[in-house]
Amino acid sequence: MYDMKNLKLSILCVMLLFAVFSCTKNISSKNEENVNSNVNFILLNNYFLKNTAEQDDDVSLYVIKDIADFDKRFGVAKTMDNKIIEPNFDNSSIIAIIYRTTNISTNIKIDTVTSDNSGVTIHARITKGGKQSFYSRPMLLLSISKQAPNTNVKVVEGKNILAKDTL
């Protein structure tokens with residue numbers, strides 16, 4: 001009888017913990033869905049930066065205006081099981097964020113993309129990890145909905161402007 005009572009109490013505790021963690025997960029998922037982004041964007045994964053592509057600063061921002069310019073800078077990194085999203089220049093603008101050559105593991109993440117009277121702002125985070133045995137040029141490609149010509153575009157991390165260009 002005593003063992004059955006402990007078993008019931010243990011099951012009740014596990015169920016209670018499960019309920020608490022399930023509620024916590026739902027709250028954080030709900031917050032992630034409410035990201036303050038008013039410009040739709042798609043990350044263009046599975047491309048690599050060609051060695052001939054120029055680099056202006058520590059972080060460079062390039063607006064790619066046509067397929068010839070895109071093909072000059074980027075190549076397709078196709079494998080057996082990845083999906084390549086091809087850029088559509090008819091109704092999208094392609095933006096490249098390129099970090100300088102480094103042997104430090106570096107990740108660029110987009111938090112939000114917003115638009116107002118001053119232009120398009122890409123809110124990004126650049127995180128660095130450990131040293132690598134090779135050098136790379138971290139980059140991120142994104143496709144945003146077409147904006148008016150000559151719209152200013154900038155990449156910011158916190159309050160710091162990392163790079164800017166014009167659509």
**Asked** Along the Cα-to-C-beta direction of ILE84, a point sits 7 Å from the Cα; which residues of region 47-65 have their amide N less than 14 Å from that point?
**Response** 47-50
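Order these peptides, 42-55, 75-88, by their mean beta-carbon neighbour count within 10 angstrom, highest first.
Averaged packing, sorted descending, gives the order 42-55, 75-88.
Which of the peptides 129-137, 95-103 is most tightly packed, and how do the rest follow, going by the mean number of other Cβ atoms within 10 Å of each residue?
Values: 129-137: 9.8, 95-103: 18.4.
Those peptides, ordered most packed to least, come out 95-103, 129-137.
If a/c stays under 1.5 just call it rounded; otherwise compare a/b with b/c (prolate if a/b is bigger, oblate if not). Do that for region 72-167, with a ≥ b ≥ c from the square roots of the Cα gyration tensor eigenvalues. Mind dumping the intermediate values first?
On the way: a/c = 2.29, a/b = 1.25, b/c = 1.83.
Judged from the Cα gyration tensor, region 72-167 comes out oblate (a/c at least 1.5, b/c at or above a/b).
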**Item:** Unit charges at the beta carbon, dipole of region 44-139: most positive-side option, SER136, ILE94, LEU44
**Value:** SER136
**Request:** Work out how much length ARG125 to LYS109 would gain on full extension: take 0.36 nm times their residue separation and subtract the Cα-Cα distance, in nm to one decimal.
**Result:** 5.2 nm
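Got the relative contact order for region 79-157 handy, in percent, Cα pairs under 8 Å and 6 or more residues apart?
Reported as a whole number, the value is 39 percent.
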**Prompt:** Whose amide H sits under 5 Å from the amide H of VAL120, counting only residues 5 or more places off or on another chain, with H placed in the peptide plane?
**Reply:** ASN152, VAL153, LYS154
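Bear in mind that the values in this text are calculations on the coordinates, not laboratory data. In this text the structure is predicted, and so the values were computed from the model without any measurement. Ideal geometry is used to build each Cβ from the backbone, glycine not excepted, and the neighbour counts take in all protein chains shown.
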